[in-house]
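**Student:** Below you'll find the structure I mean.
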Amino acid sequence: MDKKITWLHLSDLHFRVAEDNFESQLIYKKLLEDLKHIKEDIDLVFVTGDIAFSGRTEEYALASEFFNSVLEILNLKKENIFFVPGNHDIQLSNTANYMSKILESIHSEKEISEILGNKELREVFLKRLNNYYEFVGNNSFSIEKSELSYTKNININGIEIAIVGLNSAWGSTSSSEKGNIVLGERQVLQAFSKVEKPQITITLLHHPIYYFKDDDVERVETLINNRSDFVLHGHIHSRKVITQKMPDSVVHYLVAGASYENNNITSSVSYNFVSADLESGIANVCSRKFHNISSSWASDELYSENSKLRFSLPSRLVEKNIDGAYGFNEAIGSFIEEKDEAYAIEKITIDKTPLVIPSIPKQLLTSIKDNKCVLFAGAGASMDAKLPSWNELVVALVDCLKDEYSDLADRELEEIETLLCERKYLVLAEYCLKKLGPYDFSHVLKLKLSCEGKKSLTHNLLAQIPFRAVITTNFDSFIEQTNAQNGRLCKIILPNDMNISEDRLGGVLPVLKIHGSYEVPESIILTKANIRELLFNKLQYNETLKRYFIENTVLFYGYSFNDPDIDFILQGIMADKRGMTRKHYALLPNVGHIEAEYLLKEYNIQIISYNTQTHGHLAAREFLQKIVQELNN
């Protein structure tokens, strides 16, 4: 079976009921004829909003006929087509001004979360999409009318795929939208918390991210980019077909032009289909546009070869192993150049600021070569594998709790909603652990943090560096997996087993999972009470960690220094040794002189700082690549 997925992307069809709709009917008819000539086997159909023109039942009746024909032509079932709503799918009424005033009064993400977390408030906005929800229920899978988003985990051609449909239109009004609407971090977290071990994650929404309010953009953009491989949207009727962003990993934005544009046939009337081949590592975007003169759909002359645009997939998606990590030029690039202003193509501009990779401290490199360096891996080490954030994990735990305890008192449910709005995730995690018990709690972590079918370029590089041991707060198994692939076996040491000496390990790599492992539910350390028990009543835990810090140089990677147990141990070492301790190193983003001086004085940790403004965390990964190259010279 070919490890390939191919999808059709339509957007902004604007079905309308009018006395004279000859132009639109011609375009729709010709589009259906054009689909018959696609040589690829289409697996999925994505429709990113504005199915109707004004959210009327009659408009959706026309759309239903059209999409029934699409599925018949492509030999697909209703389960293979996915919709998200656009602003034209809302049936506007005399409440529009009232809605606008509510949204204008929102000044914080907490207020947005309160609306999205309250079923009654949410339905005030979503009832304007009743006709859309009825249409979707008849033509795809049903979505609850009180739900904003959906997440579908499916397998296509042996590829595990998560499809995340976000509702960017819930707050749309008749007034100007750009910079005034909200998506909501709560909605995005809720959707991604239901993603289950995908190889590829495809996110659908109608509006581009920059249409949301500034404070909303700050929260949702990173979440979407860190968790998605492809983001599909419409709305802007632009022939900018694809763009790539690289904050911390690779994500491709594919924008469908309008399939019909308000009785005005223009060069932006277009659609595309995409084929992503995980074996070859190549994706093809084929763009089709409507030619007014010939009244037909044809190849898009924007592209030079068979109307196709080719680009490489990130190596973590490719079935065959690819040696090495992304280089700078490989990870960031412009795929489309502006050829003609008449096409209204928005040229993709890439910041040409050079990537600055920090220098490797000589003492750090010497410690690695002398087998005297220990890795301390935090959550940032697994970021490029697109694993869920801690916030998403807590939302998933809360969902599991609600499923297990359907009889939770209203008072408890209200308090859970309040804690979610206030982002008190640790409090919620402790509550979920207590209610679910260690086994069910760890099962959720295992489901969400599974490394099956995933690759981490960062961990692959870390596994090529001969660390004496690894200390980690992470629950995932990337350290064991990547070291095994590099020919080095690991011995997992859990909090209650911190009395094993290195002499008894037989040369295998000790991996100290100081917060436990989801493979051993009773080992999970989460609460402050658990940490106090370890620090003050389990002397081997304290002494073993101290020994690794005293006898070795420690390199912190992807760690934010927020754990009380590590702070206690470092402070204890500084007190015992009167500050005369071995120097350690921490690779951290955007650390200024004052903070660096503080960490050096308090913990004897020298900061290796890098800038994330233009290239995200790429400099950190290239720093590891630099160490690997030095070791191989």
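The values are calculated or read from the model by the stated rules, or taken from the named source; none is laboratory data. As the structure is a prediction and not an experimental result, all values here were calculated from the model. For neighbour counting, all protein chains shown are included, and Cβ atoms are generated from backbone atoms with ideal geometry for every residue, glycine included. Remember, those area values only see protein heavy atoms, side chains included, never the ligands or the DNA or RNA. Shrake-Rupley method; radii C 1.70, N 1.55, O 1.52, S 1.80 Å.
**Student:** Taking the conditions exactly as written (within 30 Å of the chain's Cα centre (by Cα) and on the phi > 0 side of the Ramachandran plot), does Gly592 satisfy them or not?
**Tutor:** Numbers: within 30 Å of the chain's Cα centre (by Cα): yes; on the phi > 0 side of the Ramachandran plot: no.
No, not satisfied.
**Student:** Okay, next question. Would you confirm whether any residue within the range 273-289 is surrounded by 19 or more Cβ atoms within 10 Å (Cβ to Cβ), basic (Lys, Arg), at pLDDT 80 or above and closer than 19 Å to Gly49 by Cα?
**Tutor:** Checking the range 273-289: at least one residue is surrounded by 19 or more Cβ atoms within 10 Å (Cβ to Cβ), basic (Lys, Arg), at pLDDT 80 or above and closer than 19 Å to Gly49 by Cα.
**Student:** Let me ask you something else. Looking at Leu31, Leu92, Leu116, Leu35 in this structure, which one is at pLDDT below 85, more than 30 Å from Val398 (Cα to Cα), surrounded by 15 or more Cβ atoms within 10 Å (Cβ to Cβ) and hydrophobic (A, V, I, L, M, F, W, C)?
**Tutor:** Details: Leu31 fails: at pLDDT below 85; Leu116 fails: more than 30 Å from Val398 (Cα to Cα); Leu35 fails: at pLDDT below 85.
Answer to the check: Leu92.
**Student:** What tally of residues in the range 364-377 results from selecting those that are at negative phi, out of contact with any strand residue (DSSP E or B) (no Cβ under 7 Å at 6 or more places or on another chain) and either open to solvent by less than 10 Å² (accessible area, probe 1.4 Å) or not in a helix (DSSP H, G or I) (or both)? So that I can check it myself, show each step before the final result.
**Tutor:** Going residue by residue through the range 364-377, those that are at negative phi are 364-370, 372-377.
Adding the requirement that they be out of contact with any strand residue (DSSP E or B) (no Cβ under 7 Å at 6 or more places or on another chain) leaves 365-366, 368-370.
Remaining after also requiring either open to solvent by less than 10 Å² (accessible area, probe 1.4 Å) or not in a helix (DSSP H, G or I) (or both): 368, 370.
The total comes to 2.
**Student:** Among all residue pairs at least 6 apart or on different chains, which show Cβ distances below 8 Å where the first residue, located in the range 525-538, is loosely packed, with under 12 Cβ neighbours inside 10 Å and the second is in a loop (DSSP other than H, G, I, E, B) and not aromatic (Phe, Trp, Tyr)?
**Tutor:** none
**Student:** Go through the range 41-80 and give me each residue that's assigned to a loop (DSSP other than H, G, I, E, B) and either under 20 Å from Leu204 (Cβ atoms) or not acidic (Asp, Glu) (or both).
**Tutor:** Taking the range 41-80 as the starting set, the residues that turn out to be assigned to a loop (DSSP other than H, G, I, E, B) are 41-43, 49-51, 53-56, 75-77.
Ile42, Asp43, Gly49, Asp50, Ile51, Phe53, Ser54, Gly55, Arg56, Asn75, Leu76, Lys77 - these are the residues of the range 41-80 that are assigned to a loop (DSSP other than H, G, I, E, B) and either under 20 Å from Leu204 (Cβ atoms) or not acidic (Asp, Glu) (or both).
**Student:** Follow-up question, since we're still on this one. Of all the strands (runs of 3 or more DSSP E) wholly in the range 516-612, which have at least 1 residues that are modelled with pLDDT under 90, among the basic types (Lys, Arg) and closer than 29 Å to Leu387 by Cα? Lay out the reasoning, then the answer.
**Tutor:** Numbers: elements: 553-557, 584-589, 605-610.
The strands (runs of 3 or more DSSP E) meeting that bar number zero.
**Student:** Turning to a different aspect of this structure: Please go through the range 539-579 and give me each residue that is over 38 Å from the mean Cα position of the chain (by Cα), on the phi < 0 side of the Ramachandran plot and among the basic types (Lys, Arg), ordered by number.
**Tutor:** Residue satisfying the conditions is Lys577 alone.
**Student:** Under 6 Å between Cβ atoms, which residue pairs at least 6 apart in sequence (or on different chains) link something in the range 216-235 that is in contact (Cβ under 8 Å) with a residue 24 or more places away in the chain and open to solvent by less than 30 Å² (accessible area, probe 1.4 Å) with a partner that is small (Gly, Ala, Ser) and not in a helix (DSSP H, G or I)?
**Tutor:** Gly234/Ser11; Gly234/Gly49; Gly234/Ala256
**Student:** Now a separate question. Report yes if some residue within the range 203-210 is under 15 Å from the mean Cα position of the chain (by Cα), surrounded by 23 or more Cβ atoms within 10 Å (Cβ to Cβ) and of a type in the set (Val, Ile, Thr); otherwise report no.
**Tutor:** Within the range 203-210, the first condition is being under 15 Å from the mean Cα position of the chain (by Cα), and the residues that meet it are 203-205, 209.
Then keep just the ones that are surrounded by 23 or more Cβ atoms within 10 Å (Cβ to Cβ); that gives 203-205.
From the residues that got through so far, the ones that are of a type in the set (Val, Ile, Thr) too are 203.
Yes, because at least one residue in the range 203-210 is under 15 Å from the mean Cα position of the chain (by Cα), surrounded by 23 or more Cβ atoms within 10 Å (Cβ to Cβ) and of a type in the set (Val, Ile, Thr).
**Student:** Which residues, counting only those in the range 493-519, are without any contact (Cβ under 8 Å) to a residue 40 or more places away in the chain and surrounded by fewer than 17 Cβ atoms within 10 Å (Cβ to Cβ)?
**Tutor:** Asp497, Ile500, Ser501, Glu502, Asp503, Arg504, Leu505, Gly506, Gly507, Val508
**Student:** Further question on the same structure: Working only within the range 196-223, note down all residues that are of a type in the set (A, V, I, L, M, F, W, C) and modelled with pLDDT under 90.
**Tutor:** Filtering the range 196-223 for residues of a type in the set (A, V, I, L, M, F, W, C) gives 200, 202, 204-205, 209, 212, 217, 220, 223.
Across the range 196-223, the qualifying residues are Ile209, Phe212, Val217, Val220, Leu223.
**Student:** For Ser149, state whether it is under 23 Å from Thr57 (Cα atoms), open to solvent by 10 Å² or more (accessible area, probe 1.4 Å) and over 24 Å from the mean Cα position of the chain (by Cα). Can you show your working first?
**Tutor:** Numbers: under 23 Å from Thr57 (Cα atoms): yes; open to solvent by 10 Å² or more (accessible area, probe 1.4 Å): yes; over 24 Å from the mean Cα position of the chain (by Cα): no.
No; evaluated as a whole, the condition is false for this residue.
**Student:** Could you check the range 385-406 and list, in sequence order, the residues that are open to solvent by 10 Å² or more (accessible area, probe 1.4 Å), closer than 21 Å to Tyr557 by Cα, of a type outside the set (Phe, Trp, Tyr) and in a helix (DSSP H, G or I)?
**Tutor:** Result: Asn391, single match.
**Student:** So for the range 296-309 (the condition being modelled with pLDDT of 75 or more, assigned to a strand (DSSP E or B), in contact with a helix residue (DSSP H, G or I) (Cβ under 6 Å, 6 or more places away or on another chain) and under 28 Å from Ala169 (Cβ atoms)), does at least one residue qualify?
**Tutor:** yes
**Student:** Give me the residue from the range 489-504 that is outside any helix (DSSP H, G or I) and modelled with pLDDT under 90 and, out of that set, nearest to the chain's Cα centre (by Cα).
**Tutor:** Within the range 489-504, the match that is nearest to the chain's Cα centre (by Cα) is Met498.
**Student:** Next question. Being modelled with pLDDT under 90 and open to solvent by less than 30 Å² (accessible area, probe 1.4 Å) is the filter here, so list the residues in the range 39-51 that pass it. Don't jump to the end; show me each part of the working.
**Tutor:** First, pick out the residues of the range 39-51 that are modelled with pLDDT under 90: 39-40, 49-50.
Those that are modelled with pLDDT under 90 and open to solvent by less than 30 Å² (accessible area, probe 1.4 Å): Gly49, Asp50.
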